[in-house]
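The values are calculated or read from the model by the stated rules, or taken from the named source; none is laboratory data. Because the structure is predicted, anything quoted here is derived from the model rather than measured. A quick note on method: Cβ atoms are made from the backbone with ideal geometry, for glycine too, and the neighbour counts reach across all protein chains shown.
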Amino acid sequence: MKKNSNQIDLFSADNKSNQSKNILTAIDIGSDKIVCFIAKIDEITREKRALRVVGSGYCQSKGIRNGKVIDQKEAEKSIRLALDKAEKDANIEINNVYVCISGDFLKSHVLKGSINIPERTIKQEHVAEVISITNNKYTPTNQKIIHIVPSNFFVDGTRNVTDPSGLVADKLGVELNYITSEINPLINIENIIKKMHLKIEGFIAKPYASGLACLQEHELDFGSVCIDIGCGTTSISIFFEGTIVYAKTINLGGWYITNDVALGLHTSFEHAEGIKNLYGNTIMGANDSEQYYEIPNDSENTIRSKFKLSNLVSIIKYRYEEILEKAEEVIEKSGYSEYAKRNIILTGGTAGLPGSIELAQRVFDTNVRIGLPTKIGGLSGEIGSPSFSSCSGVLIHCLKKSKKNHERISIKSTEKIGNFFKNLMGQDF
């Protein structure tokens, strides 16, 4: 049985464009930076395909706060700059993109459904029926559905059944995980992309993308949580039995640490960011109270003040610990904490602070590792760091959607059932 077959959105649609089918483009819209990856799909064998980044571009994010557009003109400039750099690097003109989003406007919830099998042999009609019944339980809100990711099916109480068709059983069940977003933040991003004469092929939630990029096969299956600590937000995604079962984003990240440093050391935000990157740590060292460093000053005539390293570490540690504790609260409330805490993976730019693993191990009292985007090629140097995990995860998601023979439930019996799946959630899925 192939792993992670259920990671593909059940209701994904085949989108056509003038762009080469072997080229995929991802844009990660973050509060700190905008990242654009252009990747090529390499045909390894008839069944196996691999991704290779052929162009990348990134720049400082302006006009974005906590994943939302607050200045349309500045946000457009930033996105254009990152895209232009990637196009120039790849020597390819892009027509369509997948966009990664983050923010506390993302929600996640699971619906369960089941049916009896009077004939005792599960057919594709039964599969379609149980999904339809489960989906009918969804109550429309002001949220737009970003992903509907099915867990594996339940057959007579047995979990983790990838394809139940043909099995003899009395009962068939399924869980559908809905990841949704408030509509207005999406519209604001969509308007910017349209001004650039690009087509959005789909939005991808950052918690989902980060987990796809960083978690290994056994972690996806056995139970893990991926915590992506970015600049303005921290994304938490929980995976179990090969699929995402919970996702949430909180508006807390590295920006808040830098702001605390700026206030504590009485300096500008820009200088605080530099101090954090040069001397920052989340764990107090034995001699930190004896080490002093100068605070940069914009004026040459002003006497430069100094700060004690232990004071800086205290400021950083307090806020970083708060971020981890908030993430732990999310995990506890998810209902999946027992599985999530088996493996904890930290990623995102802020996760690179020295001592982050040690502090996380104290908070969570379990094994912790740093997650890197290692599943696609071409990520050499800086773009292979945790800061670029979510953009890599978008490409992995796109590759799964682009496969002609999806590693999901095969719908081969009749055109009627195929149309059912295409129309169940509308044209966007």
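Summary table below
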item: Lone unmet requirement of (1) within 21 Å of residue 184 (Cβ to Cβ); (2) out of contact with any helix residue (DSSP H, G or I) (no Cβ under 8 Å at 6 or more places or on another chain); (3) surrounded by fewer than 24 Cβ atoms within 10 Å (Cβ to Cβ) for residue 218; result: (1)
item: Positions within the range 154-189 being surrounded by 15 or more Cβ atoms within 10 Å (Cβ to Cβ) and either among the acidic types (Asp, Glu) or under 16 Å from residue 244 (Cβ atoms) (or both), in sequence order; result: 160, 162, 163, 174, 175, 176, 177, 178, 179, 180, 181, 182
item: Breaking point among (1) of a type in the set (A, V, I, L, M); (2) in a helix (DSSP H, G or I); (3) surrounded by fewer than 21 Cβ atoms within 10 Å (Cβ to Cβ), for residue 145; result: (2)
item: Qualifying residue in the range 243-253 (condition: in contact with a strand residue (DSSP E or B) (Cβ under 9 Å, 6 or more places away or on another chain) and within 30 Å of residue 293 (Cβ to Cβ)); result: yes
item: Any hit, the range 336-351, residues being polar (S, T, N, Q), in contact with a Gly (Cβ under 6 Å, 6 or more places away or on another chain) and assigned to a strand (DSSP E or B); result: yes
item: Output for the range 352-387, where each listed residue is in a helix (DSSP H, G or I), among the hydrophobic types (A, V, I, L, M, F, W, C) and out of contact with any Ser or Thr (no Cβ under 8 Å at 6 or more places or on another chain); result: 357, 360, 363, 364
item: Qualifying residue in the range 144-152 (condition: modelled with pLDDT of 90 or more and more than 18 Å from the chain's Cα centre (by Cα)); result: no
item: Test: residue in the range 81-98 that is at pLDDT 90 or above, surrounded by 21 or more Cβ atoms within 10 Å (Cβ to Cβ), of a type in the set (A, V, I, L, M) and within 19 Å of residue 182 (Cβ to Cβ); result: no
item: Residue match in the range 195-205 (condition: among the basic types (Lys, Arg), surrounded by fewer than 20 Cβ atoms within 10 Å (Cβ to Cβ) and without any contact (Cβ under 8 Å) to a residue 60 or more places away in the chain); result: no
item: Helices (runs of 4 or more DSSP H) contained in the range 217-323 and holding at least 3 residues modelled with pLDDT of 90 or more and of a type in the set (Val, Ile, Thr); result: 254-265
item: Qualifying positions in the range 148-161 - under 27 Å from residue 107 (Cβ atoms) and either assigned to a helix (DSSP H, G or I) or of a type outside the set (D, E, K, R) (or both); result: 148, 149, 150, 151, 152, 153, 154, 160
item: Candidate set: the range 24-40, residues that are out of contact with any helix residue (DSSP H, G or I) (no Cβ under 7 Å at 6 or more places or on another chain) and assigned to a strand (DSSP E or B); chosen: the one surrounded by the fewest Cβ atoms within 10 Å (Cβ to Cβ); result: 40
item: Total residues in the range 116-142, condition assigned to a loop (DSSP other than H, G, I, E, B), out of contact with any Asp or Glu (no Cβ under 8 Å at 6 or more places or on another chain) and buried (at least 18 other Cβ atoms within 10 Å of the Cβ); result: 1
item: Considering residues of the range 43-69 that are in contact (Cβ under 8 Å) with a residue 24 or more places away in the chain, part of a strand (DSSP E or B) and out of contact with any helix residue (DSSP H, G or I) (no Cβ under 8 Å at 6 or more places or on another chain) only, the residue surrounded by the fewest Cβ atoms within 10 Å (Cβ to Cβ); result: 52
item: Condition check for residue 356: buried (at least 17 other Cβ atoms within 10 Å of the Cβ) and closer than 24 Å to residue 315 by Cβ; result: yes
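Residues are listed down the side, and each one gets a yes or a no for (1) within 30 Å of residue 166 (Cβ to Cβ); (2) of a type outside the set (D, E, K, R); (3) at pLDDT 85 or above:
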| position | (1), (2), (3) |
| --- | --- |
| 371 | no, yes, yes |
| 382 | no, no, yes |
| 390 | no, yes, yes |
| 403 | yes, no, no |
| 409 | yes, yes, no |
| 414 | yes, yes, no |
